[in-house]
Amino acid sequence: MKTVLLVDDEHAILDALSGTLEDEGFRVVTASNGREALARLGEAVPDVALVDMMMPIMDGRELLREMQGDARWRGIPVVLMSAVPQSILERDAPLLCADFFQKPFDLWKLLDRLRELSGHTLDT
């Protein structure tokens, strides 16, 4: 079973996405901000991370930077998501992530991308 680290400060999104991901055969570990996500990474290394950009305490860009700076986590594909368009978020610096989804996104496309990045198939 492949594991997704799901990070978002909106509990409704965490609940909806985690339920859907579990229904699709993923194990889901959740966090409500980047700092909490780092603590979860210390407990278990996920196969892929789905991270909101705009969160309190530590946002998605900061979390991505921390993950890329640590050899234990730099190989984890990170998919960022935000209501803000990627072009605006990349004005100062590019987002060095595996993929980006603008909210609201096509759930089926997101699931397909998470499966692809994690190596998850419907049979595992």
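Just a few scattered comments:
- Selection count where residues are of a type outside the set (D, E, K, R) and either closer than 17 Å to E10 by Cα or in contact with a strand residue (DSSP E or B) (Cβ under 6 Å, 6 or more places away or on another chain) (or both), scope region 50-74: 11
- Members of region 75-115 that are farther than 21 Å from E10 by Cβ and of a type outside the set (V, I, T): G75, P77, S87, E90, R91, D92, A93, P94, L96, A98, D112, R115
- Looking across D23, D8, D15, one residue alone is farther than 21 Å from R72 by Cβ and in contact with a strand residue (DSSP E or B) (Cβ under 7 Å, 6 or more places away or on another chain). It is D8.
- Only helices (runs of 4 or more DSSP H) whose full extent lies in region 58-124 are considered here, and the ones with at least 2 residues that are surrounded by fewer than 12 Cβ atoms within 10 Å (Cβ to Cβ) are 86-89, 107-118.
- Hey, L50 under 19 Å from D23 (Cα atoms) and surrounded by 19 or more Cβ atoms within 10 Å (Cβ to Cβ) or not: yes
- If the condition is being within 15 Å of L110 (Cβ to Cβ), part of a helix (DSSP H, G or I) and out of contact with any Ser or Thr (no Cβ under 8 Å at 6 or more places or on another chain), then region 15-45 contributes A16, L17, G19, T20, L21, E22, D23.
A short reminder: the numbers here are calculations on the coordinates, not readings from a lab. Owing to the predicted nature of the structure, the values given are computational and were not obtained by experimental measurement. With ideal geometry, Cβ positions are generated from the backbone for all residues, glycine too; neighbour counts draw on all protein chains shown.
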